[in-house]
Amino acid sequence: MTLAIVLAAGARAASLQTGTGESLADRLAAQCRRAGADDVRFAADLDDLAALADAATGPVIVTGGDLVAHTAVLRHLATSPAGPTVALVLTDPPAGGWTAVREERGQVVDAGPPAELDGAATGVFGGALRVGADDLPSLAAAARAAAAGVAPAGTTPVPGPAVDRLFAGLTTLDALIFAHRVRLLVAHRVTDGAQLAAAEGAVATVDEDRAELRLSVKERDDFFTTFFVSTWSPYVTKAAARIGLGPTAVTMLSVAFAVAAAVLFGVGGRPALVAGAVLLYLGFVLDCVDGQLARYTRRFSAWGGWLDTMADRAKEYVVYAGLGYGATQAGFRYGWALAIAAMTLQTVRHMTDTWYGALHDEAARRPKPAAAGGGGGIGGRLNAASTRVQADTGSVSYWLKRTVVFPIGERWALIALTVALFGPRVSLFAVLLWGGLAFAYTGALRTLRARWMWVPVLDTVDAALHRDDGPLAGRLPVVRPMGPLTLAVVAALGPAALLLAALAGGAAEGPRWLVPVALLVLLIGGLGAGAAHNGPLDWLVPAVLRAAEYLFAIAVGVVGGVPPWLVFGYVFVLTLHHYDLTARLEKRQAAPPLHPATLGWEGRSALLALAAIVGFAAIGMATLGTYLLVVFVGSVVLAWVVLPARALRASASLAGARGRSPG
């Protein structure tokens, strides 16, 4: 249940009469109802608001009495998927005691009087925010402190409307606040009748539905997506909304298109390859449409976000499988090997992307340690240069920066063009070449910038979970002096050496005695499981461990003479498991229900090694892969179907018990 609170205290404009004859505060209350609030209350002062926050059990929307905006602005704020607590941020100049805001990577990192921000302000508080249920105690505490005129230590009391004093106080507490910007729609805070009339006129000149459709397209996307997809995909989005398709249904359609394209790539022949390329492009359009449809209809859910992430990766790797099979059928001996290499490279890249993003977000929340860690230098200059390029939207340097990292749109475009013109083998080589260069480029620059930030991120989460450690790693002794990253890199060298030795042998099967040696080297990575992951580069540990496990599985496959398609399938199942972990990290979800049953990277590797040593590598890999797939599916069903249904029944039973009077 969502509660909306209109706090008119301290806002002179709240009692102004609007063009429809009602007061501005009354119109805001009506807009909150249309935006999805189940209950709307007026708070006479901050103490009244604190009492309402104490009694609330769900999200709370708080708005001052001086906001003139489209109803869609409040609806977008109420449904924003950015995070539980979101504040409206405007580009208007600060006036009337409004609070200035400084944001980084979409997070509010500072707020207060404009002079206190020393010219670093990026906007002004828009007089409205949504507070998540977990942050309601902080909201109530901030309201009471502001009502008493108490400012947190080291800060200046904020003058002006009560909603601004409330927001400034909330930013000093533990709440993580995300910024919600207004694009295409209109939102202004007003102080008098003239400003009210001007703002109402600006609202009337914008077609709200048309603007919302345009807003469904990401503000900043990649080059191919921006110019070859988003120019016409909103029409598909509008049609999907009219016929009642939901984002999940569109996601499933995009998966079907990608699978069909993969089948055609495997069939081979010019007509099939061209048709597959067209289907791949259309599937990517639908992949963009599902997100646009969610934004247009405001139908967001944790399940939908998780499914979109998992479907994107599964589609891509199914396409790699089709290309690998097609190249093999065309007479190229190493078609499956290229597909395995492409999948491994892309997964490790994605793991670094995820953790670098988490690192950057943590640095934004802790800007002072970030600046103090490296004192500037090349990392600081790179960070400043990157910020300048990102701000220069539409420039050549901006598009080069977005394209060189080889994002999903460019990957789909490259695959479609190369497979249609040259065939699956060339397509896989192209993906590996561009992907490898992009990995080297981003890895080098991010390493330098991370050393400058000097902000630990793995120690803010369950490191053992995201390392994917199993029971064995938890029982190994801890070697602290070397650090977990150094130990993980050493661990990856064993499987890499085993793979090189097996490939250099040229025989169908390599020397099995090397497998236990490589396993012992791999297990060195477990010696850092219990150490603190607070080094400037320890965000790389999960990606290095993923690379080590994949390399070991591939090496065991080569040594044991496992069919390449089976090796691909096993690594594919591993990637599903690891993407599940990172998707939950990004969506702030708990660990998979059956995570302990996945055995950990070291447990799975030990079982593969045992199978290879006794001469049953193929059977062992097939059995373990099937087991992990069953565990993954079972975990998904438990997490998204069974457990939510149980929680819903328990909630209904509790509500019924409360509703019954004592007998």
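The values are calculated or read from the model by the stated rules, or taken from the named source; none is laboratory data. Source: prediction; values computed, not measured. Cβ: placed from backbone, ideal geometry, glycine included. Neighbour counts: every protein chain shown. Quick note on the areas: whole protein, heavy atoms, side chains included, nothing else; ligands and nucleic acids left out. Shrake-Rupley method; radii C 1.70, N 1.55, O 1.52, S 1.80 Å.
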Q.
For a quick check of your reading of the model, give me the residue pairs whose first member lies in segment 331-351 and is within 21 Å of V404 (Cα to Cα), whose second is open to solvent by 20 Å² or more (accessible area, probe 1.4 Å) and not hydrophobic (A, V, I, L, M, F, W, C), with beta-carbon atoms closer than 7 Å and at least 6 apart or on different chains.
A. L345/G436
Q: Could you run through segment 225-235 and say how many residues are among the hydroxyl-bearing types (S, T, Y), crowded, with 17+ Cβ neighbours inside 10 Å and either free of Cβ contacts under 8 Å to residues at least 40 places away in the same chain or assigned to a loop (DSSP other than H, G, I, E, B) (or both)?
A: 2
Q) Quick one: which of V614, V571, V567, V631 is of a type in the set (V, I, T) and either at pLDDT below 95 or open to solvent by 60 Å² or more (accessible area, probe 1.4 Å) (or both)? A) V614
Q: Those residues that are free of Cβ contacts under 8 Å to residues at least 24 places away in the same chain and not aliphatic (A, V, I, L, M), I need them from segment 236-269; list them, please.
A: R242, G244, G269
**Q.** Which listed residue is surrounded by fewer than 21 Cβ atoms within 10 Å (Cβ to Cβ) and within 27 Å of the chain's Cα centre (by Cα), from A249, A262
**A.** A249
Q: With respect to R130, determine if the residue is under 19 Å from C32 (Cβ atoms), among the basic types (K, R) and open to solvent by less than 40 Å² (accessible area, probe 1.4 Å).
A: yes
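Taking segment 198-256 on its own, how many of its residues are among the polar types (S, T, N, Q) and more than 30 Å from V404 (Cα to Cα)?
2
Consider L540 carefully, then state whether it is under 24 Å from P484 (Cα atoms), free of Cβ contacts under 8 Å to residues at least 24 places away in the same chain and in a helix (DSSP H, G or I).
No; evaluated as a whole, the condition is false for this residue.
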(Q) Suppose we keep only residues that are in contact (Cβ under 8 Å) with a residue 12 or more places away in the chain and charged (D, E, K, R) within segment 390-410. Which one would you say is least open to solvent (accessible area, probe 1.4 Å)? (A) E410
Q: Select, from S651, S661, the only residue that is in a loop (DSSP other than H, G, I, E, B) and either modelled with pLDDT under 95 or basic (K, R) (or both).
A: S661
Q) In the set A9, A50, A43, which member is out of contact with any Phe, Trp or Tyr (no Cβ under 8 Å at 6 or more places or on another chain), within 18 Å of V163 (Cβ to Cβ) and open to solvent by 10 Å² or more (accessible area, probe 1.4 Å)? A) A9
Q) Among the residues of segment 430-467 satisfying the criterion of being outside any helix (DSSP H, G or I) and hydrophobic (A, V, I, L, M, F, W, C), which is farthest from H595 (Cα to Cα)? A) W454
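Residue-by-condition table, conditions (1) without any contact (Cβ under 8 Å) to a residue 40 or more places away in the chain; (2) outside any helix (DSSP H, G or I); (3) touching a Gly at 6+ places or on another chain (Cβ under 9 Å); (4) under 19 Å from G357 (Cα atoms):
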{"residue": "V573", "(1), (2), (3), (4)": "no, no, yes, no"}
{"residue": "D580", "(1), (2), (3), (4)": "no, no, no, yes"}
{"residue": "R584", "(1), (2), (3), (4)": "no, no, no, yes"}
{"residue": "P592", "(1), (2), (3), (4)": "no, yes, no, no"}
{"residue": "W601", "(1), (2), (3), (4)": "no, no, yes, no"}
{"residue": "R604", "(1), (2), (3), (4)": "no, no, yes, no"}
{"residue": "L607", "(1), (2), (3), (4)": "yes, no, yes, no"}
{"residue": "A612", "(1), (2), (3), (4)": "no, no, yes, no"}
Q | Unique residue being surrounded by 15 or more Cβ atoms within 10 Å (Cβ to Cβ), modelled with pLDDT of 95 or more and touching a strand residue (DSSP E or B) at 6+ places or on another chain (Cβ under 6 Å) when the list is A175, A187, A241 | A | A187
Q.
Here's a check for you: in segment 527-546, which residue that is small (G, A, S) and at pLDDT below 95 is most open to solvent (accessible area, probe 1.4 Å)?
A. A532
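Might you check whether a residue that is open to solvent by 40 Å² or more (accessible area, probe 1.4 Å), in a helix (DSSP H, G or I) and either free of Cβ contacts under 8 Å to residues at least 24 places away in the same chain or within 30 Å of A78 (Cα to Cα) (or both) occurs anywhere in segment 285-294?
Step one: filter segment 285-294 for residues open to solvent by 40 Å² or more (accessible area, probe 1.4 Å), giving none.
Checking segment 285-294: not a single residue is open to solvent by 40 Å² or more (accessible area, probe 1.4 Å), in a helix (DSSP H, G or I) and either free of Cβ contacts under 8 Å to residues at least 24 places away in the same chain or within 30 Å of A78 (Cα to Cα) (or both).
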Q: Collect the residues in segment 576-600 that are within 21 Å of G494 (Cβ to Cβ) and open to solvent by less than 40 Å² (accessible area, probe 1.4 Å), keeping them in residue-number order.
A: H578, G600
Q. If P481 passes every condition in (1) surrounded by fewer than 18 Cβ atoms within 10 Å (Cβ to Cβ); (2) at pLDDT below 85 but one, which one does it miss?
A. (2)
Q) Taking the condition surrounded by fewer than 20 Cβ atoms within 10 Å (Cβ to Cβ), assigned to a helix (DSSP H, G or I) and modelled with pLDDT of 90 or more, does R349 pass? A) yes
Q: Take segment 440-477 and flag every residue that is open to solvent by 60 Å² or more (accessible area, probe 1.4 Å) and either of a type in the set (S, T, Y) or more than 15 Å from N534 (Cα to Cα) (or both).
A: A440, Y441, L448, T460, P471, L472, G474, R475, P477
(Q) I need every pair where a residue in segment 515-535 that is touching a residue at least 40 places away in the same chain (Cβ under 8 Å) and in a helix (DSSP H, G or I) has its Cβ under 6 Å from the Cβ of a residue that is of a type outside the set (D, E, K, R) and surrounded by fewer than 19 Cβ atoms within 10 Å (Cβ to Cβ), sequence separation at least 6 or different chains. (A) V515/I613; G526/L476; L527/L476; L527/V479
